[in-house]
Amino acid sequence: GSSVGYTLSVTNRDSAACSPTSFNLAGSVPAGWSAALSSTSMTLSAGSSANATLTVTSPAGASGGSYGIGAGTASSAGAVHT
């Protein structure tokens, strides 16, 4: 039953000629756990970066061990922005 914060860094690697891109962020945690993002979307100019925090909380009865936690991004441009 504790929480841990993970810093997610997103960089827009588009060329300078491209317009800003809006990225959607998501977290993935095991069933029964909770995930909260400090921001679920961000708009970045070409070449710029920004951070968000993913706070993951385990249930009170979770056993010690390794668990899969994931994070990802997507934009309307599709797979090129993941």
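No value in this document is a laboratory result; all are computed from the given coordinates. Small disclaimer: the values here were computed from a predicted structure and weren't measured. Every residue, glycine as well, gets a Cβ built from its backbone with ideal geometry; the counts of neighbours run over all protein chains shown.
List of remarks:
- With the simple model of a label 7 Å out from the Cα in the direction of the Cβ, Ser41 to Ser3 spans 2.4 nm.
- Low-density loop cleavage sites - chymotrypsin sites (Phe, Trp or Tyr not before Pro) in the chain, where at most 12 other Cβ are within 10 Å (DSSP): Tyr67
- Note on Ser19 and Ser76: the extension gain reaches 19.2 nm, defined as 0.36 nm multiplied by sequence separation minus the Cα-Cα distance.
- Restricting the calculation to alpha carbons of the chain gives Rg and Dmax of 15.0, 51 angstrom.
- Pairwise Cα inverse-distance average, inverted: Kirkwood Rh of the stretch 31-74 (Å): 12.9
- Candidates Gly68, Gly32, Gly47, ranked by Gaussian network fluctuation over the chain, Cα under 10 Å, top entry: Gly68
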